[in-house]
1. Pairs, please: C-beta under 8 Å, at least 6 apart or cross-chain, first residue in a strand (DSSP E or B) and in segment 42-54, second surrounded by fewer than 16 Cβ atoms within 10 Å (Cβ to Cβ) and of a type in the set (Asp, Glu)?
2. Among the residues of segment 55-82, which ones are touching a helix residue (DSSP H, G or I) at 6+ places or on another chain (Cβ under 9 Å), in a loop (DSSP other than H, G, I, E, B) and not β-branched (Val, Ile, Thr)?
3. Restricting to segment 50-70, name every residue that is surrounded by fewer than 21 Cβ atoms within 10 Å (Cβ to Cβ) and over 14 Å from residue 172 (Cα atoms).
4. For residue 201, are the conditions met, namely being surrounded by fewer than 19 Cβ atoms within 10 Å (Cβ to Cβ), among the hydroxyl-bearing types (Ser, Thr, Tyr), modelled with pLDDT under 85 and within 23 Å of residue 107 (Cα to Cα)?
5. Has segment 10-26 got at least one residue that is charged (D, E, K, R), surrounded by fewer than 15 Cβ atoms within 10 Å (Cβ to Cβ), at pLDDT 80 or above and over 21 Å from residue 180 (Cβ atoms)?
6. If you go through segment 99-139 one residue at a time, how many are small (Gly, Ala, Ser), in contact with a Cys (Cβ under 7 Å, 6 or more places away or on another chain) and modelled with pLDDT of 95 or more?
7. For segment 140-167, enumerate the residues that are of a type in the set (Val, Ile, Thr), modelled with pLDDT of 75 or more and closer than 19 Å to residue 70 by Cα.
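The values are calculated or read from the model by the stated rules, or taken from the named source; none is laboratory data. Not measured: the values here are computed from a predicted model. Cβ coordinates were reconstructed from backbone atoms using ideal geometry, including for glycine residues, and neighbour counts include every protein chain displayed.
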Amino acid sequence: MRGSMRILTGLGVALLLSACATPARLRGEYVDLDPVNASTGKFSGTPVRWGGIITGARATDTDTCVEVAVFPLDRWTLRPRGLPDGYYHATDLKYLYRRSPSRFLACGNEIRDRSEFYSGGVVTVTGHLETPLSIEAALASCEGDVRRQNLPDYAGTVHLISDGICAVSLPVLKISQIHVWKEPPSSYGIPDSRLQAPPQS
C-alpha cells in the first residue's frame with residue numbers, strides 16, 4: 001500500500017511540475033491537424049497549436065510573418081521536441097536538412113521584435129488558420145538539395161513541380177499566442193541574414 005501511495009504521489013508531483021512548466025496562455029483545446037494537411041486550404045478558421053524552429057521572415061500583403069520548421073510538441077510542456085542535444089546558436093544546419101520538416105507561417109504583430117523572434121529561435125504558437133500562402137521556390141528547395149546553396153528546404157512541405165519551377169503552399173497561422181523557449185536546449189539557434197541575431201550577453 002505504501003509503495004502504491006509513493007507511486008501515486010510521485011505521479012502527482014510530476015504532473016504538477018509539468019503543468020507549471022507549460023505557459024498558461026498556450027493551454028486550451030485545439031484541433032490535432034498536421035501542417036501538411038492544412039496546406040490544402042480546407043481548414044481556414046480551425047484553431048491549432050504548432051511549434052518548431054524559426055527559419056526566416058516573410059512579409060505578406062497584409063501581415064508580418066515568420067517561417068517555422070515544424071517539430072512535434074511535448075504532450076506535457078508543449079515545447080517542440082526532437083531537437084538535437086545541445087541545440088544552441090550556430091548549430092549545424094544539416095540537422096534540419098536531414099529531417100526536411102514541413103513548414104508554416106506564423107503571422108501577426110507579436111513577432112515584430114527581431115531580437116526575440118530571430119531565425120533559429122524555438123517557438124510554440126496558437127491561433128487560427130487562414131488561407132495558405134503560395135510561393136515560388138527554387139527547384140533545389142523542393143528536391144532537398146539545399147545544403148551548399150543557402151536555400152530554404154521545402155522538400156517536406158506541400159509543393160508542386162512543373163516545368164522546372166516549384167510552387168509551395170505554406171499554411172498560415174494567425175497568431176493568438178506565441179511563446180519563445182529560452183531554456184536549453186533551445187536558447188539560441190541558427191543565424192540567418194533575414195533576421196537579427198539574438199543580442200550577445
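1. 47/29
2. 63, 71, 74, 75, 76, 78, 79, 82
3. Matches in segment 50-70: 56 only.
4. Numbers: surrounded by fewer than 19 Cβ atoms within 10 Å (Cβ to Cβ): yes; among the hydroxyl-bearing types (Ser, Thr, Tyr): yes; modelled with pLDDT under 85: yes; within 23 Å of residue 107 (Cα to Cα): no.
No.
5. The answer is no; no qualifying residue exists.
6. 1
7. Listed by number, the residues that qualify are 157, 158.
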